[in-house]
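Since the structure comes first, as structure tokens, the remarks are kept for the end.
What follows is calculated from the coordinates using simple rules that are stated; it is not laboratory data. As the structure is a prediction and not an experimental result, all values here were calculated from the model. Quick reminder, even Gly has a Cβ in these numbers, built from the backbone with ideal geometry, and neighbours come from all protein chains shown.
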Amino acid sequence: MITTPTSARPSSGVDASSGSGSQPRVPALPHRAALAVVLVGVFLTGLDFFIVNVAIPSMQADLRASEAQIQLIVASYALAYGVGLITGGRLGDLYGRRRTFILGMIVFTFASAACGVATGPGFLLVARLVQGLAAALMVPQVLAILSTVYSGEARARAINWYAATAGIAAVFGQLIGGILIREDLFGLGWRACFLINLPIGLAAALLAGRYVPESRAPGRHRLDLIGMVLVTLALVGICLPLIEGRAQGWPLWVWPCLLAGGLLLTVFVRQQRWRGANGGTPSMDMALFRERAFTAGLVAQLTFFASMASYFLVLALYLQQGRHLDPLDSGLVFGVLGLGYIITSMTARKVAARLGRQTIAIGCLIRILALVLQIWAVAKIGTSGSVGWLVPGLFLDGAGMGLAIAPLAATVLARVSADNAGAASGVLGTAQQVGNALGVALVGLVFYDVLSRGGGADRAYPDAFTACLYCVLGISVLLAFVVQTLPKAPGRR
């Protein structure tokens, strides 16, 4: 059953006031609007991760950008987001999670405005980098807030909503982008994909100040600047080659960059242990990794998102380039997957209360069945059949994802104390982003290799997509085994 450890309850980390005597007090228990407000941050950051893919053709034409520039614009958000999550989480622990969330939301909103009025590819690249850094500042606070201000059944329900929101943003991002571009709101074209964030983001920032309780790590801690620099450089060294390597044909610089990233990560771990042993406050408490729920859960998180992100990529390529669907029609196909996701993600909490870790394993088994159905459907469709044959497999695939994702997040955070909630959430988010990048790099490599051997013709797309479905199926089988290393229930070793 999903429970909250005593050390993570509000009494250890929630301020009764907003941080100073001159500021208004907030309720000791969170207002029911608090959950909705912080989930807006999850939705917007997830949406902007996927929605830009739909806007690429019109964005490239309007800005007269080269293909290399467009690739950098797309990758910059993912890179800044991925490398900043651990630092963002720790800043929330130290300076207040509500305060950091609001700051991140404001910067994200204005960076979105800058993206929407960009006059050239360089301007847009910088705006996307800032947008990614703001997302890294904002998103770790959400899980940290949910883990510290809610307890028991309310906490389990809140984390379930978090997982559902993140998945909905990913699944429906392409559909929302397709609608915005086709409707051409106010003649804005692709710019509407960014400018739509303005009213939503500003409203969320205002409401967060009113309804979200403040929380921070208890006691007075000093910022670990050296640790933050080390972990940021290490993650750049790891994520940059994974994100850009495939797009650039795996150039020579990729391998020393990965090696440097690994070495810097080792130095970071040693520095954190030294700082903790000498009375300092490390950016990341290494004791977290002695909890089996946390370490095994991170591996499961990385594995799950390696299969999910790569699958979204190759499905979109197959539908739009292989089957020549426009972004809106392709988004409608994704909507079938989203329907299955919504149904099971809303019930996953109750299933996990009875079955524990096996809920995630069942989700994997449903995905495996769904992928087998899709392999059969692609063969049935060939080069001229209807994509309607994919519908049963897509629906089941979404159902499997929805059943796995919420219990996975709850398991990883089950025994995290309030003073490490932000840092742990940042590590969880980093595992997700590294999984995304790793899966896209490896499965994308398979897709383009098969496609090139087929001459890039339409008939090669079914073969390339099928090869990737087998890869994703293998990752799902691996995840089903990884799940067995998790504690039988959160709170047990």
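If R0 is taken as 51 Å, the Cβ-Cβ distance between ARG354 and ARG210 corresponds to a FRET efficiency of 0.85. The alpha carbon convex hull volume per residue for the range 375-416 rounds to 64 Å³. For the range 234-383, count all C-alpha to C-alpha pairs, find those more than 29 Å apart, and express that count as a whole percent of the total. Pairs farther apart than 29 Å: 44 percent.
Calculate the translational D of the range 284-493 in whole µm² s⁻¹ from Stokes-Einstein, where the hydrodynamic radius comes from the Kirkwood formula applied to all Cα pairs, the temperature is 25 °C and the viscosity 0.890 mPa s. Stokes-Einstein gives a translational diffusion coefficient of 139 µm²/s.
Coupling constants for the range 148-161 follow from the phi torsions by the Karplus curve (6.51 cos²θ - 1.76 cosθ + 1.60, θ = phi - 60°), and in residue order they are 9, 9, 10, 9, x, 4, 5, 5, 4, 5, 5, 5, 4, 5 Hz; glycine and proline get x. Please find the FRET efficiency linking TRP376 to ALA61, where r is the Cβ-Cβ separation and R0 is fixed at 35 Å, and quote it to the nearest 0.05. Rounded to the nearest 0.05, the efficiency is 0.35. Once the chain from VAL391 to PHE186 is taken as fully extended at 0.36 nm per residue, the excess over their C-alpha distance is 70.4 nm. Binning all Cα-Cα separations of the range 52-204 at 5 Å, short to long from zero, yields these whole-percent fractions: 2, 10, 15, 20, 21, 14, 9, 6, 3, 1, 0. The alpha carbon centroids of the range 30-89 and the range 285-347 are separated by 16 Å. According to the Cα-based calculation, Rg over Rh for the range 290-347 is 1.16, with Rh computed by the Kirkwood formula. Annotation: amide H-H contacts under 5 Å for GLU214 (H modelled 1.01 Å from N, sequence separation of 5 or more, or interchain): ASP15. Backbone amide hydrogens, once placed in the peptide plane, bring THR281 within less than 5 Å of ARG222, excluding anything fewer than 5 places away on its chain. In the chain, the longest principal axis of the Cα atoms and the axis of helix 460-482 are about 30 degrees apart. Can you tell me the FRET efficiency between ALA33 and ASP326 if r is taken as the Cβ-Cβ distance and R0 is 51 Å, rounded to the nearest 0.05? Efficiency computed from Cβ-Cβ geometry: 0.85. Along its first, second and third principal axes, ordered by size, the range 225-281 spans 46, 14, 11 Å in Cα coordinates. The phi-based Karplus calculation (6.51 cos²θ - 1.76 cosθ + 1.60; θ = phi - 60°) puts the 3J(HN,Hα) values of the range 203-218 at 5, 5, 5, 5, 5, 4, x, 8, 10, 8, x, 7, 8, 7, 5, x Hz, whole numbers, x for Gly and Pro. As an equivalent ellipsoid, the range 114-220 spans semi-axes of 31, 18, 12 angstrom, where each value is the square root of five times an eigenvalue of the C-alpha gyration tensor, largest first. Taking 0.36 nm per residue of sequence separation and removing the Cα-Cα distance, the TRP253/SER384 pair yields an extension gain of 43.0 nm.
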